[in-house]
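Comments concern the structure below.
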Amino acid sequence: MENVLPPANPQANLRNYQETYQTFDWEDIAQEFSWHQTGKINIAYEAIDRHAEDPMRSNRFCLIYEDEHRKERITYHQMRDLSNKFANVLKKLGVKKGDRVFIFLPRCSEYYIAMAGCAKVGAIFSPLFEALMEMALRERLKDGGAKVLVTTPRMAARVPFSEFPDLNHIILVGSGNIVLRPGEVSWEEEMAGASYDFDIEWMDLEDPLYIIYTSGSTGDPKGVLHVHRDMIGYLITARWVLDLRDDDCLWTTSEPGWITGTVYGVFAPWLCGVNNFVRGGRFDLEGWCRSIEANRITVWYSSPTVFTRMMEREKDIAQTCDLSSVRHILSVGGTLSSEVVFWARRFFKIPIHDTWWMTETGMIMIANYPGMPIKPGSIGKPFPGIVAAIVDEQGNTLPPLTLGNLAIRKGWPAMMRGIWRDETRYQAYFTREPWYISGDLAYEDEDGYFYLQGREDYQIKVDGVMVSTTEVEEALRRHPAVGDAGVVGNPDAQRGTAIKAFIALKPGFSPSAEVQEEIREFMRRYFSPRLVPKEIEFRPEIPRGRDGMVIRRSLKAWALGLPG
Ligand code: WT7
């Protein structure tokens, strides 16, 4: 196999990576925003209203939504009106700048309207993944101090409302004929009665925009805080990494409950004013391919698990779908194997461009650009304006081909501004000045390409989503039969990594297939389907060191069938 692939598109928006990297200045990008002249700052204005006022863009689709039952198209012009209406609904409920509005919905048009409306009133929104269950929701709503929750009647059943006295209002999407309880309002009724006009709340660049929860390496999820200034990073990465142009139709397959869905599924394409496609419902390869064909998707941002499933079913798809509209493909969230990159080059006639970033970085940090040669297996080179390095325990930079911690010089526009209500955890990322420490192990080659080598902590990637093994352990321990639990990631053909749990039962319980299933059901019901262990093995005891920490080395050895 070749080690270096030529640039996929020499005509890309970013023509000369090296030169741009050397001359880049964030200030040049800031000048593109209307606030640079007017002083009036709000990401929703730049992402929606600005295009609605521009005859060239007002009739493009900021949302082409489809699932098995619904097909909807919303232009930038219509989105301005709808988000104004929703901003008025929030205002009527007493929502003010800085209040937290949690959005707990399946993917649907209302999700997007809600995010935009929140930004317009200056509220901090928090998107919640639709599969979260009672206990996982409780942690997030409590930590975030939610004032309003936007959800559906079906999903609301999972929320223990009585525990949240500050949660004043619940906006129910699709409430139909149900009888509303005190505090509940109907989305449809409120929207119908709300005005199309709204005076946008003008913000400071440093004012919070959203809180998105991600797994922490030590238990509870953490609320990563992002601000309006992020927009500078969203716009320029969308232009140079996603290579978006006026006539593109982008599909970012991640949902808004995860950062990729919020940034590259909503704000980044909107800032560029392009057509933006969203498909709701579960993953289904045939349906997804039909969506690409029917909507003539040109830029596709997805994940290694999706590409791998596609590769396995290549023949079936090739016969039924025409995917020739796709001109640029990107990946994030997990290891993209060289095999898949080469497969795509044969199947799509273009390679897949891997990108690396994190919830905390807010925007793409390291990437393969369509105008730059690709080294398959590498996550690429740092984005212009981003200084990346491999550092040791003291924060010294290490020479090429040496394994260390992947670090980014702090201070880029979309960097998280805090961990909600947890300054200590925030500071833990910045202990080695001047670096933000990612926790990913990596090395750099002599040409400046970076290669990931896994996490240094207890996080694993399941289906492209970060899962903390300690979070799973703590959840498992809440089951009445579980005395102790230890969790590791096991390589898995389908999911990249699968959760394997070792469980020591409490006295009086004995191992059985029923107990296993009961524990799985408990995780599915009260936490999240993504935290359900694929394999459960019972052991008399879980190995713990003198500090009380699970000895992961022993668990790994057990998982591999070696003596622990
Ligand atoms: C972690 C961040 C930001 C969207 C992804 C989910 C892993 C990220 C890659 C890649 C292999 C990757 C890292 C990182 N990761 N990109 N291209 N190849 N691993 O964000 O849930 O905050 O997870 O995802 O380990 O630290 P997230």
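The values are calculated or read from the model by the stated rules, or taken from the named source; none is laboratory data. Being a predicted model, the structure only gives us computed values, none of them experimental. A quick note on method: Cβ atoms are made from the backbone with ideal geometry, for glycine too, and the neighbour counts reach across all protein chains shown. In case anyone asks, the SASA skips ligands and DNA or RNA and just uses the protein heavy atoms, side chains included. Shrake-Rupley method; radii C 1.70, N 1.55, O 1.52, S 1.80 Å.
Has the range 357-368 got at least one residue that is away from the ligand (no atom under 13 Å from the Cβ) and at pLDDT 95 or above? Explain how you work it out, then say what you get.
We begin by selecting, within the range 357-368, every residue away from the ligand (no atom under 13 Å from the Cβ); these are none.
No - not one qualifying residue is present in the range 357-368.
Which of the residues spanning the range 447-457 are open to solvent by 20 Å² or more (accessible area, probe 1.4 Å) and either within 11 Å of the ligand (Cβ to nearest atom) or in the same structural domain as Lys556 (by TED's automatic domain parsing) (or both)? Let's see the steps before the verdict.
From the range 447-457, those open to solvent by 20 Å² or more (accessible area, probe 1.4 Å) are 447, 451-457; that's our starting set.
Correct list: Tyr451, Leu452, Gln453, Gly454, Arg455, Glu456, Asp457.
Which of the following residues is farther than 25 Å from Thr262 by Cα, at pLDDT below 95, open to solvent by less than 50 Å² (accessible area, probe 1.4 Å) and in a loop (DSSP other than H, G, I, E, B): Gly371, Gly395?
Gly395
Here are the criteria: (1) of a type in the set (Ser, Thr, Tyr); (2) touching a Pro at 6+ places or on another chain (Cβ under 8 Å); (3) more than 16 Å from the ligand (Cβ to nearest atom). Tell me which single one Thr262 does not satisfy.
The failed condition is (3).
Inside the range 414-500, counting only strands (runs of 3 or more DSSP E) that do not spill past its ends, which hold 2 or more residues that are in contact with a Gly (Cβ under 8 Å, 6 or more places away or on another chain)?
Details: elements: 435-444, 450-455, 459-462, 465-468, 482-492.
In the range 414-500, 435-444, 450-455, 459-462, 465-468 are the strands (runs of 3 or more DSSP E) which contain 2 or more residues that are in contact with a Gly (Cβ under 8 Å, 6 or more places away or on another chain).
Check Gly333, Gly281, Gly287, Gly371 and return the single one that is touching a residue at least 60 places away in the same chain (Cβ under 8 Å) and out of contact with any helix residue (DSSP H, G or I) (no Cβ under 8 Å at 6 or more places or on another chain). Give the steps one after another, and end with the answer.
Working: Gly333 fails: out of contact with any helix residue (DSSP H, G or I) (no Cβ under 8 Å at 6 or more places or on another chain); Gly281 fails: out of contact with any helix residue (DSSP H, G or I) (no Cβ under 8 Å at 6 or more places or on another chain); Gly371 fails: out of contact with any helix residue (DSSP H, G or I) (no Cβ under 8 Å at 6 or more places or on another chain).
After applying the criteria, what remains is Gly287.
Can you find, within the range 335-356, the residue that is farthest from the ligand (Cβ to nearest atom) among those that are open to solvent by 30 Å² or more (accessible area, probe 1.4 Å) and modelled with pLDDT under 95?
Here is the first cut: in the range 335-356, the residues open to solvent by 30 Å² or more (accessible area, probe 1.4 Å) are 335, 337-339, 342, 345-347, 349.
Okay, now just the ones that are also modelled with pLDDT under 95, so 335, 337-339.
Working: Thr335: 5, Ser337: 10, Ser338: 12, Glu339: 14 Å.
In this case the residue turns out to be Glu339.
So which residues in the range 504-539 are part of a helix (DSSP H, G or I), of a type outside the set (Asp, Glu) and surrounded by fewer than 16 Cβ atoms within 10 Å (Cβ to Cβ), if there are any at all?
Residues satisfying the conditions are Ala513, Arg524, Arg525, Pro529.
Taking the range 192-241, which residues are within 16 Å of the ligand (Cβ to nearest atom), of a type outside the set (A, V, I, L, M, F, W, C) and under 30 Å from Gly174 (Cα atoms)?
Answer for the range 192-241, where residues must be within 16 Å of the ligand (Cβ to nearest atom), of a type outside the set (A, V, I, L, M, F, W, C) and under 30 Å from Gly174 (Cα atoms): Tyr210, Tyr213, Thr214, Pro221, Gly223, His226.
Please indicate, with yes or no, whether at least one residue in the range 527-547 is within 30 Å of the chain's Cα centre (by Cα) and aromatic (Phe, Trp, Tyr). First the steps, then the outcome.
Of the residues in the range 527-547, the ones within 30 Å of the chain's Cα centre (by Cα) are 527-536.
Still in the list and also aromatic (Phe, Trp, Tyr): 527.
Yes, some residue in the range 527-547 is within 30 Å of the chain's Cα centre (by Cα) and aromatic (Phe, Trp, Tyr).
Assuming Ser468 fulfils every condition listed in (1) assigned by TED's automatic domain parsing to the domain that holds Lys375; (2) under 30 Å from Ser331 (Cα atoms) apart from one, which condition is it?
The one condition Ser468 does not meet is (1).
Quick check on the range 114-126. Is at least one of its residues in a helix (DSSP H, G or I), open to solvent by less than 30 Å² (accessible area, probe 1.4 Å) and at pLDDT below 95? Reasoning before the result, please.
Taking the range 114-126 first, the residues in a helix (DSSP H, G or I) are 114-121.
Next, from what is left, pick out any that are open to solvent by less than 30 Å² (accessible area, probe 1.4 Å): 114-121.
Those still in the list that are at pLDDT below 95 too: none.
Looking for residues that are in a helix (DSSP H, G or I), open to solvent by less than 30 Å² (accessible area, probe 1.4 Å) and at pLDDT below 95, one finds none in the range 114-126, hence no.
Scan the range 357-366 for residues that are crowded, with 21+ Cβ neighbours inside 10 Å and of a type in the set (S, T, N, Q) and jot them down.
Of everything in the range 357-366, just one residue is crowded, with 21+ Cβ neighbours inside 10 Å and of a type in the set (S, T, N, Q), namely Thr361.
Please enumerate the residues belonging to the range 377-392 that are at pLDDT 95 or above, within 16 Å of the ligand (Cβ to nearest atom) and in a loop (DSSP other than H, G, I, E, B).
The answer is Ser378, Ile379, Phe383, Ile386.
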